[in-house]
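Below is one structure, written out as structure tokens; the observations come after it.
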Amino acid sequence: MPHKQPPPRKQSINMGRGTRKRDEDSGTEVGEGTDEWAQSKATVKPPDQLDLTDAELKEEFTRILTANNPHAPQNIVRYSFKEGTYKLIGFVDQLAVHFTQVGNLIPKDSDEGRRQHYRDELAAGSQESAKLVISETEILEEEEEPKEVEAGSQTDVPIVQASQKVAEEELMTPKQPKERKLTNKFNFSERASQTFNNPLRDRECQMEPPPRTNFSATANQWEIYDAYMEELEKQEKTKEKEKTKTPVAKKMGKMATRKMTSLESQSDDITKVTQAAKIVERMVNQNTYDDVAQDFKYYEDAADEYRDQEGTLLPLWKFQNDKAKRLAVTALFWNPKYNDLFAVGHGSYDFMKQSRGMLLLYSMKNPSFPEYIFSSESGIMCLDMHVDHPYLVVVGHYDGNVAIYNLKKPQSQPSFRSSAKSGKHTDPVWQVRWQKDDMDHNLNFFSVSSDGRIVSWTLVKSELVHTDIIKLKVEGSTTEDLEGMQIHTVACGTAFDFHREIDYLFLVGTEEGKIYKCSKSYSSQFLDTYDAHNMAVDAVSWNPYHTKVFMSCSSDWTVKIWDHTINSPPFPTAGPRCSSMTSIQLWVTWPGHRTRPLCSQQSPPTGRPTCLTCPSTSMRPSATRPWWPERRTSSPTCSSTPSTPSSLWVMTEGTSPASSSHPTCERCRRRRRARKYRRGQPWRSQNWTNC
Amino acid sequence: MGETEGKKDEADYKRLQTFPLVRHSDMPEEMRVETMELCVTACEKFSNNNELPPTRLPPTSLVSLQSAAKMIKETMDKKFGSSWHVVIGEGFGFEITHEVKNLLYLYFGGTLAVCVWKCS
């Protein structure tokens, strides 16, 4: 293609340029004397034009002109219902319409055309007839003249005939349409206008078809029959379940089964949601308390190295529940099977103010809300969980009742309860303990109470049957009354513990400070008596490793270690150091791997839980180490985890939250039992554990 | 399983005759309930009491099944949009493509199976 020069309009830019090219093609014939014109017509090279060589200039480019519509899309995709997919359309319409006008021409031969023609003819005919009539009459006259000449025409006759025809013509004129008004520009002017016609545009849109799936099944008589049989069985099962419910509920159940099965799925949704909600709640809690959980496992205070004989307690969690406010925590127990579950018993130590009690079970996985909540009329003093059946919790109440809760059943009331008829204690029950199942495989537990009785309760045919094992008689106090019956003063039992290996052997601690070694088979006599303490014995505990040894702690601020074969003063133990007076609570545990006694105490007014240890392998206390918590707690009830390392659970009275602290020294495990108060007197309890 | 029924089963089975048993459905709840009720109404309305000339035909005549199916289909079209398909019968197998959330397959009356689906 020949090199095209830029149009002359660019000349204004390049006026200064000297080079001007004249091309033969673009040069136009210019008249002489118009140099400016010549100049204006001269082509000027713009500054950004390509400088091509001659060879390139002569290069030929082929351009093919096609009739395709450049604006037409090249890849139209349509959904094909037959195949169920989107398919590319091969042929795209290339027609581009540039101008449309609706016209008003119609074919001559069509109906409308012919009608119009006829109408036009009529209209035209009426006008011309006026002219033609005259000429026709002349012709007619001429034609009739020769006729009437035959009849002996007269000149009048043709005139008469002419006038007749004229009359006829005049008659004819009214039938025809009126004459058109002559339009001239003095009395008639045309005006026309055209409004703007909005341009038309085609728009197309195709939506995605609704999603589809396949489904196949067979409808046979046997399939139908099978389905109905299944449905029958389901209904029967639901009927059986409803038999256990109340009659009202039964009716409702029947109604439900009679209704369509669509309702069944609704109940499933609810249970699914509770499960998921529970898991989500735990997740949220774990995320919130993640740092606490980390501390629980791994906290180590390096400063303890330098603190001689002292360690640190780090508070971890606080468990509280609104319903248990203003109730003291009286008992703590870890579930033997599920290491994160522990039970908290709430009650009141105050003799004057006794109110209701609660049993809450918390899981460490969810510190914000208890897993199980039970409430009772009387304060709970102690609790125990069965080793083989970790869902059975036995509690002892302040009013002397004992009750068994079954965690598997979602009832809020205990499964079994003692009553005045069935031999409940007359004083608060201080300790309960599960025993092995008896000969008939009935569940069995013991309880000790201030009324001086140790009672064995057996669950026979869903009834609690009690058996007095022993009555704690104060020796040397038998007197004879008027009728000669022997009356003896009854000691108040406060703590007991059963020997690990010798099944029938157990120890009982009393308020008087004595410890009795008893056997389950002898109901009237003690095997041995130890004058242990000056004040009430808070807890006794057998050593699990040295089976002859047991430990006792008391309100007289002493912890004593005994050998049960020697009825003499025990191994000397140091009185624990305490910062304040009145009530001290000691929890004693045996850390396992060193068989070293460890005791923890807490003094209520200051409320500091302290942990003491006797770091001697020969069971002779050499030193005691008090553990001072970093923070004061309001009041004491302590317990410790049996299975997790070195955590001390401190429960406070009044608001009854539970906080846990992590004593860091030596990483020994300790277990402490809850402190029990009784009439302002502190009680001590002790437990042996292993690390 | 054979067709032998104990007496008790037979009585129960007959009690279930008017019980519509949803075999498969992916409809939303209200739609499903409505459709079920419609099917029950249609089947009961057109359940045949006429005598049939050839004795080989099952008790439910083909004519009434067709009418029932027609009624169901037209009502569904009006209520839920166009192009519903209905099959009622006692013995058939099928493989269909249906719009998602527009299928109901239920048994009725101990012998009938009804399949309703939408596919435009």
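In what sequence, highest mean first, do A:354-360, A:438-444 appear when ranked by Cβ atoms within 10 angstrom?
Taking the mean over residues of other Cβ atoms within 10 Å, the ranking is A:354-360, A:438-444.
Taking amide H atoms as placed 1.01 Å from N in the peptide plane, list the residues 5 or more away in sequence, or in a different chain, whose amide H sits under 5 Å from that of A:S375.
A:L359
Enumerate by residue number the chymotrypsin sites (Phe, Trp or Tyr not before Pro) in the range A:354-449 meeting two conditions: DSSP loop (anything except H, G, I, E, B), and at most 16 other Cβ atoms within 10 Å of the site's Cβ.
Answer by residue number: A:Y391.
Within 10 Å of each Cβ of B:79-90, how many other protein chain Cβ atoms are there on average?
1
If you look for lysine pairs in the range A:395-534 that are eight or more places apart or on different chains, how many of them have Cα atoms under 22 Å apart?
Lysine pairs meeting both conditions in the range A:395-534 amount to 20.
Would you mind giving the mean number of other chain beta-carbons within 10 Å of the Cβ of each residue in B:94-104, as a whole number?
Mean inter-chain Cβ contacts per residue within 10 Å come to 4.
Over all Cα pairs of the range A:374-531, how is the pair count split among 5 Å bins, expressed in % and running from 0 up to the last occupied bin?
All Cα pairs considered, the percentages come to 2, 9, 18, 22, 19, 14, 8, 5, 2, 1, 0.
At 0.36 nm per residue, and after removing the present C-alpha to C-alpha distance, how many nm does the segment from A:R78 to A:N339 gain when stretched out fully?
This chain segment gains 87.5 nm when fully extended.
Of B:E29, A:E463, which has the most accessible area with a 1.4 Å probe, and how do the rest follow in descending order?
Ranked list, largest accessible area first: A:E463, B:E29.
Of the listed peptides A:544-555, A:287-298, what is their order by residue-averaged count of other C-beta atoms within 10 Å, with the highest listed first?
Those peptides, ordered most packed to least, come out A:544-555, A:287-298.
The values are calculated or read from the model by the stated rules, or taken from the named source; none is laboratory data. In this text the structure is predicted, and so the values were computed from the model without any measurement. Every residue, glycine as well, gets a Cβ built from its backbone with ideal geometry; the counts of neighbours run over all protein chains shown. The accessibility values were calculated without ligands, DNA or RNA, using every heavy atom of the protein model including side chains. Shrake-Rupley method; radii C 1.70, N 1.55, O 1.52, S 1.80 Å.
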